[in-house]
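The values are calculated or read from the model by the stated rules, or taken from the named source; none is laboratory data. Keep in mind that what you see is a predicted model, and the values were worked out from it rather than measured. Remember, those area values only see protein heavy atoms, side chains included, never the ligands or the DNA or RNA. Shrake-Rupley method; radii C 1.70, N 1.55, O 1.52, S 1.80 Å.
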Amino acid sequence: IKPEVQPSDVLVVNGPFDTASSFVFYLERQVLVLNGNSGRANPVPPNTVNPSLFVNDADVAQLWSGPKRVWLWTPASSAPALPSPVYVIGRSGGKEVLSNQANFGGAAF
């Protein structure tokens with residue numbers, strides 16, 4: 001998705017950050033972490049790092065309905081409920097990238 005990601009876009013990882021570390025590494029961008037502490041030990045408590053990087057389902061739904069493009073990396077089996085529209089940008093290995101805006105052709109999987 002890197003060719004399509006704009007500076008104003010919001011990137012969200014659903015689940016523990018380490019499960020999407022390569023996604024974040026190659027995008028070279030800060031991301032928000034949705035449900036990052038669900039069911040796993042986190043070696044660094046989120047409130048000691050930057051609590052604004054950790055979001056919940058309501059936060060993502062609000063972003064999704066807003067004016068900015070949102071990219072969501074998520075395991076396909078645990079994608080959160082999102083307001084319409086929801087575009088599947090790509091799927092691979094049980095993971096998918098969803099967006100609130102259509103793909104313009106630069107993302108490849």
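What to note about this one:
- The listed residues Phe17, Phe54, Phe104, once ranked by accessible area (1.4 Å probe) with the largest placed first, stand as Phe104, Phe17, Phe54.
- Chain lengthening between Ala81 and Ser22 when straightened (0.36 nm per residue, less Cα-Cα): 18.8 nm
- Note on surface exposure: Ser77, Ser21, Ser92 rank Ser77, Ser92, Ser21 by accessible area, highest first, 1.4 Å probe.
- Accessible area of Tyr87 in the full protein assembly, 1.4 Å probe (Å², nearest 10): 90 Å²
- Heavy atoms of Glu4: accessible area, 1.4 Å probe, square angstrom to 10: 10 Å²
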